[in-house]
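The values are calculated or read from the model by the stated rules, or taken from the named source; none is laboratory data. Just so it is clear, the model here is predicted, and its values are computed rather than measured. So basically every Cβ, Gly included, is an ideal-geometry build from the backbone, and we count neighbours across all protein chains shown. Keep in mind that these areas ignore ligands, DNA and RNA; they rest on the heavy atoms of the full protein, side chains included. Shrake-Rupley method; radii C 1.70, N 1.55, O 1.52, S 1.80 Å.
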Amino acid sequence: MSRKQTLYEVLAVSPTATAREIQDAYQQKWNALQLEKDALSPEDFNFKQQLLTLARSTLSNPDERSYYDIKLANTVAPDETAWKANALMVSASSDNFSRRADTLALHADALALRAEAMAIRAGLPGGALPPPSGTKSPVKRTMVIIGTVVTTLMVLQMISMFFGARRQQEAMKAEEKIIIQEYYQTHGVRPASAAEVRLLEAENRRKESEERAAERAVQKEEYEKRQAEAEYERSREDVKRLADQVSTDLIRAEEAARIEEAEAAARKQRQIEDEARRKEEAENQRLRRLNEKWQRSLAN
């Protein structure tokens with residue numbers, strides 16, 4: 001089993017580093033982590049981010065750093081060793097779960113250090129530290145127990161989250177099988193995954209959209225064709241109606257011309273007859289005068 005990395009090693013600083021050096025080292029590590037973000041999985045990125053934040057917050061606080069140094073110098077308690085062994089056995093089921101468990105353990109250590117620091121500030125003048133020794137004070141033992149309980153609860157929560165995630169994955173797999181089976185029953189094609197089902201459905205929607213667009217285009221073309229035919233028929237009717245009107249007008253004009261010609265011929269005939277009648281009357285008068293002249297001549 002490898003040794004757990006210390007907070008100094010996380011920031012790559014010496015145990016005697018100043019607060020300024022700690023802050024500078026944190027900033028450099030943070031910038032480097034941001035550059036590696038795309039190459040890391042979300043779990044690795046979050047774990048390293050939380051680890052850097054914990055190291056900076058613990059080592060930047062004088063009281064928490066003092067107790068952390070004491071804890072590094074002393075031998076780890078048997079109950080704490082047993083707890084860490086159990087935690088490692090549980091976390092061995094998944095690399096992702098192991099990283100989260102380590103993060104929770106570091107948070108629990110920081111919580112215990114903060115609690116011890118507050119207790120010392122409250123019970124000792126000037127916040128003085130008790131001399132390191134093999135025997136733990138009641139306050140320290142209480143803080144260790146509290147930290148252990150809190151850490152255990154966090155680990156149990158992580159175990160519950162882990163199995164919950166597994167159940168969720170199983171449910172997702174079952175749902176994926178249902179989606180694949182439904183697609184197979186509907187289309188007669190068995191996709192390899194739900195993602196492929198989504199791609200095939202998207203392709204089907206695209207084809208349906210294209211078919212509807214083509215159908216609308218055909219309907220529009222047919223509508224425009226019917227409109228053109230109707231317009232042509234209306235034009236033909238208009239032309240026919242105009243031709244009929246022109247023909248009717250021509251017939252009427254011809255009839256009027258014939259009537260006028262007949263009337264002119266009748267007038268001319270009447271004029272001729274009147275002229276002949278006048279000539280006849282004039283001749284008759286001449287003959288009467290001539291006859292009267294002869295009778296007068298004979299009488300003499």
Inter-probe distance in nm under a simple model that places probes 7 Å from Cα toward Cβ, at Arg216 and Glu36: 5.3 nm
Heavy-atom accessible area ranking, 1.4 Å probe, most first, across Thr186, Thr151: Thr186, Thr151
Mean accessible surface per residue for region 218-268, computed with a 1.4 Å probe while every protein chain stays in place, in Å²: 93 Å²
Derived scalar couplings ³J(HN,Hα) [region 237-253; Karplus, 6.51 cos²θ - 1.76 cosθ + 1.60; whole Hz; x for Gly, Pro]: 4, 5, 5, 5, 4, 5, 5, 4, 5, 5, 4, 4, 5, 5, 4, 4, 5
Heavy-atom accessible surface of region 1-50: percent carbon and sulfur, 1.4 Å: 51 percent
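Evaluate E = 1/(1 + (r/R0)^6) for Gln5 and Ala171, where r is the Cβ-Cβ distance and R0 equals 35 Å; express this FRET efficiency to the nearest 0.05. Intermediate values should be presented prior to the final figure.
Numbers: r = 36 Å, r/R0 = 1.04.
Taking R0 as 35 Å, the efficiency between Gln5 and Ala171 is 0.45.
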Packing-based ranking, highest mean first, of 21-33, 237-249 given that Cβ atoms within 10 Å are counted: 21-33, 237-249
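How would you order 55-67, 160-172, 38-50 from highest to lowest mean count of nearby Cβ atoms within 10 Å? Write out the running numbers ahead of the final one.
Working: 55-67: 18.6, 160-172: 11.3, 38-50: 13.9.
Descending packing order for the listed peptides: 55-67, 38-50, 160-172.
Placing unit charges on C-beta atoms (Lys and Arg positive, Asp and Glu negative, everything else neutral), compute the dipole magnitude of region 154-300 about its Cα centre in debye, rounded to 20.
Working: 31 positive and 33 negative charges, 128 e Å.
For region 154-300, the charge dipole is close to 620 debye.
For a protection proxy built on the mean count of beta-carbon atoms within 10 angstrom, sort 225-232, 4-11 highest first, please.
4-11, 225-232
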Accessible-area composition of region 199-300, carbon plus sulfur, in percent [1.4 Å probe]: 51 percent
Per residue value of the accessible surface for region 142-181 (all protein chains in place, 1.4 Å probe), Å²: 71 Å²
